[in-house]
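In what follows, a single structure is set out as C-alpha cells and then discussed.
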Amino acid sequence: MSFLQYKPPKTLRILFIIHYAPLLLIITIGPQSVLFNFMNLFHDPLFSIVTGLIIFLLGSILYFKWEWFWHKTYHGQLVTTGIFQYIRHPHYTSLLIIGYGLALFFNSIPALIIATIAIPIMMISIIDEEQYLLEQYGADYQLFMKKTPWRMIPKLF
C-alpha cells in the first residue's frame, strides 16, 4: 500500500479533528483578547508576544519536521526512527507547543486556558490511539513502547 492510498480509520479522523479544535479556538479567541484588551496575561504584552512567537515557531518547526519525516518514511509500517526514538507522539507534542505559543503571543488568558484544557484531551486520545496501534502492530508496538517510554514529553508523559 502506498502512502497516497492510506486512509486513516474514521475514528482516528475524528480524533484529529478534536486535536485541532483547541488550536482553532485559540486562533479565534486570542485576537479578541488583543482587540478588546480583555483578560490579558501581562500588562505589558511585549514579553508575552516575543516569548509566544518563539514558542510558536519552535512548535511549528517540530510539527513540520514531524510532518516531513512522516510523509517521507511512513508506508503503512510502524515508524520507530527519527523523532519517534524520543517520543511516540510528536504530532500531539507539536500541537500543544503551538497552542501555548499562540496563547502567549495573543497575551490571552482564555487562550491559555484552552491550551491547558487540550492537555488531558490529548492524553486520553493518545491512550486510546495506542490501543488501536497495539491491535494493528502487536508485539512490535509493545517493543516500541518499551524502547521509547515517553508518549509526548520526555521524562514526564
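Please treat every number below as a calculation from the coordinates, not as lab data. Bear in mind that the values here come from a model prediction, so they are computed numbers and not experimental data. Note that each Cβ is placed from the backbone with ideal geometry, even for glycine, and that neighbours are counted across all protein chains shown.
Data overview
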read-out: Spatial extent of the chain: Rg and Dmax, with the Cα atoms as the point set, Å; value: 17.2, 54
read-out: Folded to 0 to 90 degrees: helix 109-137 orientation relative to the chain principal axis, Cα; value: 0 degrees
read-out: Point-charge dipole on Cβ atoms (K/R +1, D/E -1) for region 92-155, about Cα centre, debye to 20; value: 320 debye
read-out: Helix 10-35 axis, angle to the chain major axis (alpha carbon atoms, nearest 10°); value: 10 degrees
read-out: Degrees separating the helix 90-105 axis from the principal Cα axis of the chain, which is the longest one; value: 0 degrees
read-out: Charge dipole of the chain about the Cα centre (unit charges at C-beta), most positive-ward option of Tyr137, Tyr92, Ile121; value: Tyr137
read-out: Inverse mean reciprocal Cα-Cα distance (Kirkwood Rh) of region 15-85, Å; value: 15.0 Å
read-out: Percent of alpha-carbon pairs separated by more than 17 Å within region 81-142; value: 51 percent
read-out: Virtual spin-label span in nm between Gln131 and Ile18, 7 Å along Cα→Cβ; value: 1.1 nm
read-out: Computed helical MRE - 222 nm, the chain, DSSP H runs ≥ 4 contributing -39500 (n - 2.57), nearest 500; value: -24000 deg cm²/dmol
